[in-house]
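The values are calculated or read from the model by the stated rules, or taken from the named source; none is laboratory data. What you see is a predicted model; the values in this text were computed from it and never measured. Neighbour counts are summed over all protein chains in view; Cβ atoms, including those assigned to glycine, are modelled from backbone coordinates with ideal geometry. The protein model used for the area step is the full one, side chains on, heavy atoms only, and it has no ligands, DNA or RNA in it. Shrake-Rupley method; radii C 1.70, N 1.55, O 1.52, S 1.80 Å.
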Amino acid sequence: RRTDWWNNTLVIITADHGHTYPGRQEVMDPLRFRIPMLWTGGVIKDTARISLTGSQTDIVNTVLGQLDESRPEFRFSKNLLGYGTPGFAVYAYNNGFGYRSAKEGYTFDFNSAKHDGGMIPSAEADRQGRSWMQLLFTDYNSR
C-alpha cells in the first residue's frame, strides 16, 4: 500500500484446488473443491462479500468485464459479476468430474459410469455437466 504502483494494482488470490482437510475428504467430495478467492489492491473501491459459484477459469472474463472488455476466445470463462450470468462450476478429478450450481451438485465417476455419493442430479444439471465436460474434452483433443 505504500508503493507508487498500489493504486493501479489488482491482486487476486485463490487456490488451484481444494484439499482433504479438515477431516479426510474423498477426491470426489464437493467440499474439497470449494475454495475462496480474494480481490484486493488500490483499484478496488468498494468492499463486499460475494458468494458465487464459479471456477478459476472465470477470473479472466470477470476481470475483463469490469473493464467493459469482451474476449470470446476465453470460451470457458464467464463474467461472474455480469447480470444474469449463470453461477456454476465444473471440476475434474481422477476418473470423474463434478458439477455445482447454486441449486445442486453432483459427481460422476467415469469408471462405474454412475453418479457418486448418492447425489442424483436433475436431468437439466446432469445434461449441463456432461455437456460441459464433452465440450472441454473436444476442445482439448482438437489442439
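Gain on full extension, evaluated as 0.36 nm per residue between Asn95 and Ile12 minus their Cα-Cα distance, stands at 26.9 nm. If R0 is taken as 22 Å, the Cβ-Cβ distance between Ser122 and Arg143 corresponds to a FRET efficiency of 0.10. Reducing the stretch 1-15 and the stretch 77-130 to their Cα centroids gives an inter-centroid distance of 33 Å.
For the chain, the per residue solvent-accessible surface stands at 73 Å², with DNA, RNA and ligands left out and a 1.4 Å probe. Within the accessible surface of the stretch 71-117, defined with a 1.4 Å probe on protein heavy atoms only, the carbon and sulfur portion equals 50 percent.
Legend: translational diffusion of the chain by Stokes-Einstein, Rh = Kirkwood radius over C-alpha pairs, 20 °C, 1.002 mPa s; D = 126 µm²/s.
Structure remark: mean-square fluctuation, Gaussian network model of the chain, C-alpha springs under 10 Å; the largest value among Arg49, Arg75, Arg130 belongs to Arg49. Look at the alpha carbon pairs under 8 Å that are at least 6 residues apart: their mean separation over the length of the stretch 66-137 gives a relative contact order of 18 percent.
Each Lys and Arg adds +1 at its Cβ and each Asp and Glu adds -1 at its Cβ; summed about the Cα centre, the chain shows a dipole of about 200 debye.
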